[in-house]
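The values are calculated or read from the model by the stated rules, or taken from the named source; none is laboratory data. The structure presented is a predicted model; accordingly, all values stated were derived computationally and were not measured. All Cβ positions, glycine included, derive from the backbone under ideal geometry; neighbour counts span all protein chains shown. Calculation scope for accessible area: heavy atoms of the full protein, side chains included, ligands and nucleic acids excluded. Shrake-Rupley method; radii C 1.70, N 1.55, O 1.52, S 1.80 Å.
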Amino acid sequence: MGKASRQRRLKQERERKQRRATQPSASSPPAPSRPPHEAEQPSQRELAAVGVAEALQALAHGLQDQFMEWVEALAGQQQVPGWDATVSRELVSHLRVSVSGAWRHGWQPAELVRHAGRERGDWHARMVTDMIADEMRGYAAATVDDRWLAQLSALRTEVWWGSDDAYLGRWRGREGDSPQATLITAVELLLVLGHLPVLPRLCPLPGTVRPGAAARPGAAAGDERTADERILGKIRALLAKAESTEFTEEAEALSARAQELMAKYSIDHALLAAEAGRKDKPASRRLPVDNPYEGPKAQLLEEVAKANRCRAVWYKSLGMSAVIGFPADLNAVELLFTSLLVQANTAMLRAGAKRDRYGRSRTRAFRQSFLMSYAIRIGERLAGATGDAERQVAAEAPGRNLLPVLAARHQAVDDAVDEMFGDGVSYHRTGRVSDSEGWYSGRAAADTAALHGHREVTAESA
């Protein structure tokens, strides 16, 4: 909900409240400032706890009038000494507990921030980032997984407000919110965090990593990690150039070189692990798959994953896909998917808006069909490129038994998917094709992103 919309809603609720009869109903929130007998007077903390719980309950059941009454009750006692600090402390405590609960349910920091933003908006994403920073104060960095720390660094988490008592007031000052709007954001965020589905856990929880412990299964060690970063750096640079160039031939050459490096990088990892007798295990990472046209984008990720001996499982309602495979293959999938998506979007937008013969817009149908065709064609070409790379490696080193190694890895990935998801995985085309021009244009764009220097194909010649 946008800031202007929230302010309008607050104004409407205030006006409605003024028109109501002065006699409170049985469901109205208690007035914390009403002085009962001393022996019966609840503490401020108890009143705040009741207010937060009842506001959350009303919001969860869609009782907007009651929800706003409780918001007004929580915001309306700011002149009472200590009340604002008590409400702030209570809400921050609830939010922090909800964040740690989300982690136990398999969610990671970046996923939690993105989901809050998707469900409610930027204010909620910023507030959950603050709560993640607050929760992380309790963990030494040495007891937190490197992948977790990398996400925290990317989110730039920081406890900028001081104590929990001061959070709501400092938030209002930073965001320019009213007390009611700030409370609405906090309670809505509580509702989002309280209704998260359980996800497979991808890395250890904060505080459970033992300092000096061995690297996680499948992780490269020492010199191998250094070599990996060097190769991945070259691949990133090639793909970045392919995305930015305006010349088709240059993009094709850069993409071909990047694919060549990725294929060799993956196969070398598999052979080295087998020859060293190392029992590497598949891992998983989740990648965002955003609207618009999320179906074809998920299809593109699935095609890239298959070509690199991985599996992709789409969480449609959460806007992301899990990719399961060995670490070297996961790196290749993430890099290539990101680059191909940029190239596809560039080509799609270059085609401009589309209209039918009656002047009606068919841009959405065109783009949906474009991206679906692009994904399918890229999958065909990547599968061919992977086969070529495997045959080339086998020819260059006839003494190395490549096929059984890759077959064993393929089976290990299938077993990992079964263990994570059981029978709950289904596979199907994730988008509808209804525009023939979009289909042929998407196929042409996939050929333009050629991995072996094929000439550009136009819609007319396809």
Just the number please: accessible area per residue for segment 329-424, 1.4 Å probe, all protein chains included, in Å².
51 Å²
For segment 307-386, the percent of accessible surface on carbon and sulfur atoms (probe 1.4 angstrom, ligands and nucleic acids excluded) is 53 percent
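Tally up the carbon and sulfur contribution to the accessible surface of segment 174-214 as a whole percent, 1.4 Å probe, everything protein left in place. Present the calculation step by step, with values, prior to reporting the outcome.
Details: 950 of 1700 Å².
Taking all protein chains in place, segment 174-214 shows 56 percent carbon and sulfur surface.
Efficiency by 1/(1 + (r/R0)^6): what FRET value for Arg45 and Glu275, r their Cβ-Cβ distance, R0 = 56 Å, to the nearest 0.05?
Here the calculated transfer efficiency is 0.30.
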With r defined as the distance between the Cβ atoms of Lys264 and Asp290 and R0 fixed at 35 Å, what FRET efficiency is calculated, to the nearest 0.05?
0.65
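When only C-alpha pairs under 8 Å and at least 6 residues apart count, what is the relative contact order of segment 228-341, in percent? Please list the in-between numbers first.
Working: 122 pairs, mean separation 28.3, N = 114.
Computed over segment 228-341, the figure is 25 percent.
How much length, in nm to one decimal, is gained on full extension between Tyr315 and Ser153, taken as 0.36 nm per residue of separation minus their Cα-Cα distance? Walk me through the numbers before you get to the answer.
Values: separation 162, 0.36 × 162 = 58.32 nm, distance 2.54 nm.
Difference between extended and current length: 55.8 nm.
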Two-site label geometry, Phe421 and Ala407: point separation in nm, points 7 Å out along Cα→Cβ
2.5 nm
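Using 0.36 nm per residue, how much length does the chain from Ala394 to Thr143 gain when fully extended, once their Cα-Cα distance is taken away?
Details: separation 251, 0.36 × 251 = 90.36 nm, distance 4.27 nm.
Extra length available between Ala394 and Thr143 comes to 86.1 nm.
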Would you mind putting 321-329, 288-296 in packing order, based on average other-beta-carbon counts within 10 Å, highest first?
321-329, 288-296
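According to the square roots a ≥ b ≥ c of the eigenvalues of the Cα gyration tensor, what is the shape class of segment 226-299, taking rounded for a/c under 1.5, prolate for a/b larger than b/c otherwise, and oblate for the remainder? Before the final figure, lay out each step's value.
Details: a/c = 2.68, a/b = 1.34, b/c = 2.00.
Oblate is the answer for segment 226-299, as a/c is 1.5 or above yet b/c matches or exceeds a/b.
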Applying a 10 Å radius around every beta-carbon, put 371-383, 188-200 in order of their mean neighbour count, most first.
371-383, 188-200
Over segment 256-364: Kirkwood hydrodynamic radius from C-alpha pairwise inverse distances, Å
15.7 Å
